[in-house]
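One structure is given here, and the rest of the page talks about it.
Just so it is clear, none of the values below were taken in a lab; they were calculated from the coordinates. Owing to the predicted nature of the structure, the values given are computational and were not obtained by experimental measurement. Counting neighbours? That spans all protein chains shown, and the Cβs are built from the backbone with ideal geometry, glycine included.
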Amino acid sequence: MRTDMDTLLDQYTRPAAGIPAWLDLPDPKGFRPKRKYRTIWISDIHLGTRGCNAALLVDFLRSVECKTLYLVGDIVDGWRLRKGWYWPDAHNEVVRRILKMAHRGTRVVFIAGNHDEILRDYAGLTFGGVELALEAVHETVDGRKLLITHGDAFDGVVLYHKWLAFLGDQAYGMLLRANIAFNAVRRRLKMPYWSLSAYMKKKVKNAVQYVCSYEEAVASEAVSRGFDGVVCGHIHCAEIRQFGGITYYNDGDWVESCTALAEDFEGNIAIIDWVAETGGHASEVAVSELGAAAAAEAPAGANA
């Protein structure tokens, strides 16, 4: 029996007879010049959930250019989509934006995570210019070799007690729903986006201990395999830390913190905090642009 996820794969990942017309549509002219990077890493977008900050992500992707874009897992939340279909236009625009980047010459590598683990069966294939993989190796300008992995393999709860991970996902979902309501009130008061869920995670002692243990486990794997560093996601905590001679990088997420990692053309890697840079107000601008893009790209008679 076909599912909504199969339909989504048909539309965006499986080869089509021709190239969709929207791939060649010019981008709307923005008031910000595009930043140019060698490499960008983003993860934990969780498309298909109400907590996804798709408008902020589209705003970010429209503001940058890069030679390589790594999607470091949990881009689509299959766990949530199995329970109920939620896919607004803003989530379509995230996918369109990524495919446009691939169409225009950016190498896009998709490392499947635990929430989009259905795509792990397709590792090694390329769909719509997007390479699917279980992990990757990235070499920086200055010659450092970085392991790129989503990171759930180092999460003992997900690996050995998956039923607990689903239970935790339920509790986390409740916290995110509270975060949505909280920020809806802030928007009415003309206040910027602020993540209640991220704040709570940083204040809970066990969560802090978990994050530290996770970072150490990921760094240890990089050491054992002879890498100079590791880039991951999974825990929604953007971070750059040194563990001896190993650099641990986490690109964060687009549910709570709205962060990415970027490498410049000299090999320097830094965290981009999009909420801090935009004041959390970019979502209102992006939403209006998303509506215009959806109307312009809709096929004739689609709303009939």
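Treat each spin label as a single point 7 Å out from the Cα along the C-beta direction, and report the residue 25 to residue 187 distance in nm.
The modelled label-to-label distance comes out at 2.2 nm.
Check residue 108: other-chain or 5+ apart residues with amide H under 5 Å from its amide H, H built from backbone geometry?
69, 131
What is the fewest-to-most order of 274, 85, 41, 254 by other Cβ atoms lying within 10 Å of their Cβ?
Ordered by Cβ neighbours within 10 Å, fewest first: 85, 274, 254, 41.
What is the antiparallel percent of DSSP beta bridges lying wholly in the range 213-257, to the nearest 5?
Taking every DSSP beta bridge within the range 213-257, about 55 percent pair in antiparallel fashion.
Just want the ordering: 258, 237, 212, from fewest to most Cβ atoms lying within 10 Å of their own Cβ.
Ascending number of Cβ neighbours within 10 Å: 212, 237, 258.
Suppose the chain between residue 240 and residue 82 were pulled fully straight at 0.36 nm per residue; how much longer would it get relative to their current alpha carbon spacing?
My answer for the length gained is 53.5 nm.
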